[in-house]
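The structure appears below as C-alpha cells.
The values are calculated or read from the model by the stated rules, or taken from the named source; none is laboratory data. Source: prediction; values computed, not measured. In this analysis, Cβ positions are derived from the backbone assuming ideal geometry, glycine residues included, and neighbour counts consider all displayed protein chains. The area values use the complete protein model at the heavy-atom level, side chains included, leaving out ligands, DNA and RNA. Shrake-Rupley method; radii C 1.70, N 1.55, O 1.52, S 1.80 Å.
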Amino acid sequence: MYRRRFLFLIAAVFLFGLTWYWKISQNPLQQILHICLRPPEEVEDLIRIKEVVTVPPKTELQEKIDAMYDKIEKNLIPNVTFKNFNTTSSGKHSKVSLVDSQKKYCIGEDFVVRIDMFDHLGNRKTYGGDFIRPRLFSQELGAAASGIVKDFNNGSYHVYFPLYWAGNVKVHILLFHPSEGVAALWRARHSSLGVIGFEGKFEKSGKDAVSKCGFEIDREEGKEICEYKDDLYEEAYYCYKVQDFPCESLRDMRGYELGVSYLTKEEKEMFQRNNIAVEIPPTFDAVSVTTCGETKEAPKPQCKSGMNSPLPSGHFYDNIWNPVYCNMTLYKTDDDFTRCLQGKKLFLIGDSTLRQFIMHFTGGIKIAKYFRYHGSGWSEWHKALEAINLEKDMYISYKRHGFPLEHPPFYYFKEDMYTSRQIDQLAGGKDTIIMITMGQHFRHFPIKVFIKRAFNIRRAVERLFIRSPDTKVVIKSENTRETFSPVEMQGDLHGYHQYLVLREVFQGINVGFVDTWDMTVAAGSVVVHPSGHTFQSILSMAFSFACQ
C-alpha cells in the first residue's frame, strides 16, 4: 500500500515537472519553429535587423569622450526644472556684498565678495547653478582680472579675486544666464545633431548637383549614402548620394542656419537680449587696495611650453597682460615678430580668430606678403592663406580646422582636413611653429563633437613629439564673443564648456596654452575678434611660448 502511494507521488512530481518544463520552453520553441517555417528572405531580414542593433564595444576614445561629457554634466549642469520666467534668477533683484569688510585691503590677498540670488518676484533662490561672469577692474590703471566663483548650491556664491595691483578697484559681476537657462541650453544642445545644416556640391564633367550632408543623416528608402570616414580619428560625415555622381566628386560645402530651436516658447524669454549678461548691482563702492609692508614677488621664469596655466591665469595692468606663472615677452613691433619668425615656418590651424594673426602680419605690421591671394581684410575669410618673406626666410600659412564650418555660400571643400590630419602630415622640427585653435564653429553641435576633436588633436601632437620633439606647439583657447549672439548657435555658455574641455585635455603635455578665455573675460571683451590691447596681449602670449 505504501509502495503504491510512493509510486503515485513520483508520477505526480514527474507530470508536474514535465508540464512546467513544457510551459517555459513553449515560447522559445514556438519562436524557433516560427523562424524555421518563414520564407528565406524573411529570415535574412531578421538576421540583418539583429546585426543592426548589435552595439560594438566602445573604443578607448569613445570612453574618454563619454567620461568628459559625464564630468561636465555632473559638475556644471544644474538639475533644475523651468517653471516660469518670474521664478528664475534675476540680475537686477540680486545683490553683491562684501565678505568680512575690512578697513584695508592689501596686494597679495584675496578679495572676496558674496552674491545672493533672487528671482524676478524678489524671492530668494534656494539652489545654485547660475552662469556668472565676474571681473575686477581699475579703468584708470588699465587693470583688470577675472575671479573664481564658488557655488554653495543654496542661492549664494562667493567670488575670489586675487589682488594684483594698488589703487581703487571696482567689481563687475554679470549674471549671464540663470540656472534654469543653463539647464535648458544644455538640454537643447543635446536634443539634436546641431542647429546648422550642410549641403554638399558634387561636380562631374562640368555638371554639378547639390545634396544634404551632415554628421549623421537619416536613411531614406531609395537613397544611397556617401560615407566620408577617417578610421584613425573615428571621425565621419555623410551626404546623400546624387544619381550619376560618384561620392568622390564632392567638391564644395556650405553650412547654413536651420532656423530651428529646441527651447520652449516660455524658456526663450530667459534669452531675450535684455535678460542676458545682466549686471548684479554691488552694495558697496570702489575698494582701495594698498601695498602693505614689504611685498617681494617671487621671481618668475620666462613663459615656455609645458607650463600649467592656473585660474585666474593673469591680469591686465597698463593694458598689458601679466600671467601669474611666467614672464610674458611683449611682441608689438615688426622687428619683434621678425626676430621670432626669421627662418621659421608658422602653421596657423583653426578658425577666424587665428586668421587674425596672419592678417596682422600681412596687413598690420606687414612683415610678410600673401601669394596666390589678392583679397584684403575679411573678404573671402574662409580661404586658406599663405604668406612669405623671402629676405627673412619666413613662411606663414593659415588653414581651417576642417568640418564643420559655418559659411552660407559654397566654398571649396577638398582642401579641408581635420586638424589632427594636418599635424600628422607635418614633419615638425626646431624651425616649425604650430598654433591651433577651435571652438566657435563647434558651439552649434552637441559637445561630444568638440570633445572628440580635442582628444584627436592631442593624440596627433603626441605623435608629432615622438618624431620631432623640438617642434613648438601652441594651443589657443577660444574667446568670448558678442552677447547678442544666438544662444543656441553661438552662445558663450557653450564656449565656456568647450574652453574647460580644452584646458583639461592639454594638461601635462609640452605645449604652450594661451588662456584667451580668461584674458577676454578680464578685458570685458564682447567681440568674437578681439582688437587693440587685448589682441596685442593674445599675440604676445602666443609668441612667448613659440619663440623662447
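Here are the numbers for this structure:
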| read-out | value |
| --- | --- |
| Test: Lys265 is open to solvent by 50 Å² or more (accessible area, probe 1.4 Å), under 26 Å from Glu488 (Cβ atoms) and modelled with pLDDT of 95 or more | yes |
| Pair list, Cβ < 7 Å and 6+ apart or interchain, from the range 113-124 residues that are touching a residue at least 24 places away in the same chain (Cβ under 8 Å) and closer than 25 Å to Lys170 by Cα to residues that are aliphatic (A, V, I, L, M) and not in a strand (DSSP E or B) | Val113/Val99; Arg114/Val99; Ile115/Ile280 |
| Tally, over the range 230-259, of residues that are more than 30 Å from Pro486 (Cβ to Cβ) and of a type outside the set (Asp, Glu) | 8 |
| Out of Lys332, Lys366, Lys345, sole residue that is touching a Phe, Trp or Tyr at 6+ places or on another chain (Cβ under 6 Å) and open to solvent by 60 Å² or more (accessible area, probe 1.4 Å) | Lys345 |
| Unique residue being aliphatic (A, V, I, L, M), touching a strand residue (DSSP E or B) at 6+ places or on another chain (Cβ under 7 Å), without any contact (Cβ under 8 Å) to a residue 24 or more places away in the chain and farther than 30 Å from Ser101 by Cα when the list is Ile196, Ile225 | Ile225 |
| Checking His190 against (1) farther than 20 Å from Lys414 by Cβ; (2) open to solvent by 20 Å² or more (accessible area, probe 1.4 Å); (3) at pLDDT below 95; (4) not hydroxyl-bearing (Ser, Thr, Tyr), the condition it does not meet | (3) |
| Residue satisfying all of: in the range 310-369; small (Gly, Ala, Ser) and in contact (Cβ under 8 Å) with a residue 60 or more places away in the chain; farthest from His401 (Cα to Cα) among these | Gly314 |
| Residue within the range 531-541 that is within 18 Å of the chain's Cα centre (by Cα) and assigned to a loop (DSSP other than H, G, I, E, B) present | no |
| Residue identified as assigned to a strand (DSSP E or B) and either open to solvent by 20 Å² or more (accessible area, probe 1.4 Å) or over 30 Å from Asp66 (Cα atoms) (or both) among Ser101, Ser97 | Ser97 |
| Scope the range 311-357; condition assigned to a helix (DSSP H, G or I) and under 23 Å from the mean Cα position of the chain (by Cα); matching residues | Ser352, Thr353, Leu354, Arg355, Gln356, Phe357 |
| Selection status of Phe484, modelled with pLDDT under 95 and open to solvent by 20 Å² or more (accessible area, probe 1.4 Å) | yes |
| One residue from Arg114, Arg124, Arg133 being within 20 Å of Ala183 (Cα to Cα), in contact with a strand residue (DSSP E or B) (Cβ under 9 Å, 6 or more places away or on another chain), open to solvent by 70 Å² or more (accessible area, probe 1.4 Å) and of a type outside the set (Gly, Ala, Ser) | Arg124 |
| His360 surrounded by fewer than 20 Cβ atoms within 10 Å (Cβ to Cβ) and modelled with pLDDT under 95 | no |
| First in the range 423-450 and more than 20 Å from Ser485 (Cα to Cα) and surrounded by fewer than 19 Cβ atoms within 10 Å (Cβ to Cβ), second anywhere and at pLDDT 95 or above and polar (S, T, N, Q), Cβ under 7 Å, 6 or more apart | Leu426/Thr432; Ala427/Ser468; Gly429/Ser468; Gly429/Thr471 |
| Boolean, Gly293 is open to solvent by 30 Å² or more (accessible area, probe 1.4 Å), assigned to a loop (DSSP other than H, G, I, E, B) and more than 30 Å from Cys106 (Cβ to Cβ) | no |
| Among (1) open to solvent by less than 80 Å² (accessible area, probe 1.4 Å); (2) assigned to a loop (DSSP other than H, G, I, E, B), the one test that Asn308 misses | (1) |
| Candidates Glu73, Glu109, filtered to the one that is at pLDDT below 95 and of a type in the set (Asp, Glu) | Glu109 |
